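Shown next, in structure tokens, is the structure this report addresses.
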Amino acid sequence: MQSDPSQTRPPAGRLRPVWAAAGLLALAVGIVGIFLPVLPTTPLVLLAAFCFGKGSPRLRGWITGHRRFGPMIADWETTGAIPRRVKIGACSVMALTLAVSGLLGVPARVLVIQALAMACGAYYVLTRPDR
């Protein structure tokens, strides 16, 4: 006898508050990232929009209609584009962070790992289309 699929998976509505909370958390951390360069604002705002899409149509509508966040989300969803100034800023902050780490005497093995991770991040950012 086959089991009823509705009994093996929770109803989509039960997870909506979890998705909405995850979106709010991502957005909050992204907003902190505006002031702290080590936190990436743009990916966190995009994550928030995704989570809101699964958890709260009202919050999804708010963030996609926001004057600052809305255009960024629309560009990403339609073309995967990252504005050139954002690319320059992201790569500059990564390079500055690596330089400061070196000046502060971070161990060489940590610098190598940091450089490799940042190189992967920079590659991804630079290979996205411009807006």
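Being in contact with a Pro (Cβ under 7 Å, 6 or more places away or on another chain) and loosely packed, with under 14 Cβ neighbours inside 10 Å is the filter here, so list the residues in region 24-79 that pass it.
Within region 24-79, Thr79 is the sole residue that qualifies.
Taking only pairs six or more apart or across chains, which ones have beta-carbon atoms under 7 Å, a first residue in region 70-83 that is closer than 9 Å to Arg131 by Cα, and a second residue that is part of a helix (DSSP H, G or I) and β-branched (Val, Ile, Thr)?
Final answer for the pair search is Ile82/Val125.
Determine which member of the set Leu15, Leu59, Leu24 is touching a residue at least 40 places away in the same chain (Cβ under 8 Å) and either more than 26 Å from Thr97 (Cβ to Cβ) or small (Gly, Ala, Ser) (or both).
Values: Leu59 fails: touching a residue at least 40 places away in the same chain (Cβ under 8 Å); Leu24 fails: touching a residue at least 40 places away in the same chain (Cβ under 8 Å).
Of the residues listed, the single one that is touching a residue at least 40 places away in the same chain (Cβ under 8 Å) and either more than 26 Å from Thr97 (Cβ to Cβ) or small (Gly, Ala, Ser) (or both) is Leu15.
Name the residues in region 27-56 that are more than 15 Å from Ile82 (Cβ to Cβ), free of Cβ contacts under 8 Å to residues at least 12 places away in the same chain and under 12 Å from the mean Cα position of the chain (by Cα), would you?
The answer is Ala28, Ile31, Gly33, Leu39.
Values quoted throughout were computed directly from the atomic coordinates according to the rules given, and no laboratory measurement underlies them. Worth saying up front: this structure is predicted, and the values here are computed from it rather than measured. Quick reminder, even Gly has a Cβ in these numbers, built from the backbone with ideal geometry, and neighbours come from all protein chains shown.
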